[in-house]
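See structure below.
The values are calculated or read from the model by the stated rules, or taken from the named source; none is laboratory data. Predicted model only: the values in this text are computed from it and were never measured. Note: ideal-geometry Cβ built from the backbone for every residue, glycine included; neighbour counts use all protein chains shown. Just so you know, the surface numbers come from the protein's heavy atoms only, side chains and all, with ligands and any DNA or RNA stripped out. Shrake-Rupley method; radii C 1.70, N 1.55, O 1.52, S 1.80 Å.
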Amino acid sequence: MDSYDVLIVGGGPAGSSCAWALRHSGLRVAILDKQVFPRDKICGGWITPAVLSNLEIDAADYARHHVLQPITGFRVGAIGGAALDIQYRDPVSYGIRRCEFDNYLLRRSGAQLLLGSALTSLQRVPEGLEGWAANEGIRARVIVGAGGHFCPVARFLGGKESSPVVAQEVEFQLDACHCRVQGNTPELYFCSDMKGYGWCFRKGDVLNIGLGRADPLHLPAHVADFLNFLKSAGRICFDVPPLRGHAYLLHGTSTRSVAGDGYLLAGDAAGLASLQSGEGILPAVDSGLLAAKSILARDFSAYPAALAPPPQSLIMRMGQALQPPLAGFVARNLLKTRWFVRDVVINEWFLHLCDHSRCLPNGGNR
Ligand SMILES: Cc1cc2nc3c(=O)[nH]c(=O)nc-3n(C[C@H](O)[C@H](O)[C@H](O)COP(=O)(O)OP(=O)(O)OC[C@H]3O[C@@H](n4cnc5c(N)ncnc54)[C@H](O)[C@@H]3O)c2cc1C
């Protein structure tokens, strides 16, 4: 029997961040992941600066051996329509490759790594004893479920499933292909019903293309429309390799219990991705760090409240009050308006920025 104080199931950003925050605690911490790292993860690889600062990662140092694409602008529009360019003085986001980033986080986490073995069984140890027995050979006082959307710990604990965001993505080497997408300016194009958006995101010689929707119906048709649009708009002029799909829950849509007697869920396992942008890496990191804090305090009671969804802005509440066809019409017209795209879509929904003075005047005129 291998015995740990904390067993973290899943070595993605949520699990690694939790372990990293526990590295000096004196606790015996292990991360169990079914994959061997480096491994890839279906993801755009866009991160906001708080991911680096909250994990105390020095951007220049990380960039010495890994892809770290600074982002100083966004090109935003509707699929089939025109687009607006929004530019900033300094980097407001970065592009990373998940195969590199997750491996980097995992290796510096300081945890005992149990890689290449899935969680196959989990049970509470008999009454009178504290903790969990996993895979019949592992004992742990606390278990952290950080196994992503299909986290086996979350499944073991139960909870009604809610509708996830469904998304498809592909990341590939550009080689000699001509592509008008600039590394420092990812492109975002919203679906005509505003239930999702596609992205085209260049990181050096690598291009990441994908589309996510809050409505699971007809995802492949929306993806096909988007790829045709990118070609007809001249953004790409080659066939894109097949996309791969995945799902995850937006913040506030999950009914999973995120903390209880001897357990905590973090990241996608807890369903924490941003309602507006789908950003999931920062919530995964932050919830991992918070989970560690709760473990150190030996008190999980404040954890669920700390993960409560942020209040919605007035404009979002107004959007929800409108019925679908009207909402789509209003939103498509708003997407042609520079102040809406800059202040609401990018600054508020994607970057959580309140300081609009960081925008360049030529890209930010109302
Ligand atoms: C197409 C797509 C694009 C996205 N783009 C972005 C983006 O650009 N920016 C952004 O911020 N977010 C993005 N997201 C969301 C983001 O990828 C997730 O929110 C984030 O990866 C969550 O991290 P996590 O650590 O919770 O889970 P994960 O990164 O999914 O890690 C979970 C880990 O658990 C392991 N695991 C699973 N089952 C088991 C098991 N049975 N036993 C042991 N281990 C197991 C897996 O191998 C994996 O390593 C995107 C999501 C999708 C689907």
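Here are some notes:
- From the options VAL181, VAL144, residue that is within 30 Å of ALA221 (Cβ to Cβ), surrounded by 14 or more Cβ atoms within 10 Å (Cβ to Cβ) and aliphatic (A, V, I, L, M): VAL181
- Condition met for LEU211 (within 11 Å of the ligand (Cβ to nearest atom) and either out of contact with any Lys or Arg (no Cβ under 6 Å at 6 or more places or on another chain) or modelled with pLDDT of 95 or more (or both)): yes
- For the criterion of being modelled with pLDDT of 95 or more and among the hydrophobic types (A, V, I, L, M, F, W, C), LEU55 passes.
- Selected residue [open to solvent by 10 Å² or more (accessible area, probe 1.4 Å) and within 22 Å of the chain's Cα centre (by Cα)] from GLU161, GLU136: GLU161
- Any hit, the stretch 87-96, residues being more than 10 Å from the ligand (Cβ to nearest atom), surrounded by fewer than 18 Cβ atoms within 10 Å (Cβ to Cβ), without any contact (Cβ under 8 Å) to a residue 40 or more places away in the chain and more than 22 Å from the chain's Cα centre (by Cα): no
- Residue count for the stretch 18-28, restricted to those that are within 15 Å of the ligand (Cβ to nearest atom) and either over 13 Å from ALA269 (Cβ atoms) or surrounded by fewer than 23 Cβ atoms within 10 Å (Cβ to Cβ) (or both): 3
- Within the set GLN168, GLN173, the sole residue that is surrounded by fewer than 22 Cβ atoms within 10 Å (Cβ to Cβ), among the polar types (S, T, N, Q) and within 22 Å of HIS66 (Cα to Cα) turns out to be GLN173.
- Failed item, numbered, when ASP61 is tested on (1) open to solvent by less than 60 Å² (accessible area, probe 1.4 Å); (2) modelled with pLDDT of 95 or more: (1)
Rundown of residues vs (1) small (Gly, Ala, Ser); (2) on the phi > 0 side of the Ramachandran plot; (3) touching a strand residue (DSSP E or B) at 6+ places or on another chain (Cβ under 8 Å), yes/no style:
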| residue | (1), (2), (3) |
| --- | --- |
| SER117 | yes, no, yes |
| PHE150 | no, no, no |
| VAL153 | no, no, yes |
| PRO164 | no, no, yes |
| CYS179 | no, no, yes |
| THR185 | no, no, yes |
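- Every residue from the stretch 114-132 that is in contact (Cβ under 8 Å) with a residue 40 or more places away in the chain and either away from the ligand (no atom under 12 Å from the Cβ) or surrounded by fewer than 17 Cβ atoms within 10 Å (Cβ to Cβ) (or both): LEU115, GLY116, SER117, ALA118, ARG124, GLU130, GLY131, TRP132
- Top-ranked residue of the stretch 39-54 - restricted to ones that are under 11 Å from the mean Cα position of the chain (by Cα) and closer than 16 Å to THR185 by Cα, ranked as farthest from the ligand (Cβ to nearest atom): THR48
- Only a single item in (1) touching a residue at least 24 places away in the same chain (Cβ under 8 Å); (2) more than 15 Å from the ligand (Cβ to nearest atom) is not met by LEU219, and it is number (2).
- Test result for ASP40, surrounded by fewer than 16 Cβ atoms within 10 Å (Cβ to Cβ), out of contact with any strand residue (DSSP E or B) (no Cβ under 7 Å at 6 or more places or on another chain) and closer than 24 Å to VAL170 by Cα: yes
- Selection of the stretch 255-275 for residues being farther than 25 Å from ARG23 by Cβ and within 12 Å of the ligand (Cβ to nearest atom) yields GLY271, ALA273, SER274.
- Annotation for the stretch 200-211: no member residue is in a helix (DSSP H, G or I) and either open to solvent by 60 Å² or more (accessible area, probe 1.4 Å) or touching a residue at least 12 places away in the same chain (Cβ under 8 Å) (or both).
- Wholly within the stretch 74-158, strands (runs of 3 or more DSSP E) carrying at least 1 residues that are of a type in the set (Phe, Trp, Tyr): 93-95, 132-134
- Residue under evaluation LEU249, criteria (1) over 15 Å from VAL170 (Cβ atoms); (2) at pLDDT below 95; (3) over 15 Å from the mean Cα position of the chain (by Cα), criterion not met: (3)
- The residues of the stretch 258-279 that are open to solvent by less than 20 Å² (accessible area, probe 1.4 Å) and within 26 Å of VAL345 (Cα to Cα), listed by number, are GLY267, ALA270, GLY271, LEU272, ALA273, SER274, SER277, GLY278, GLU279.
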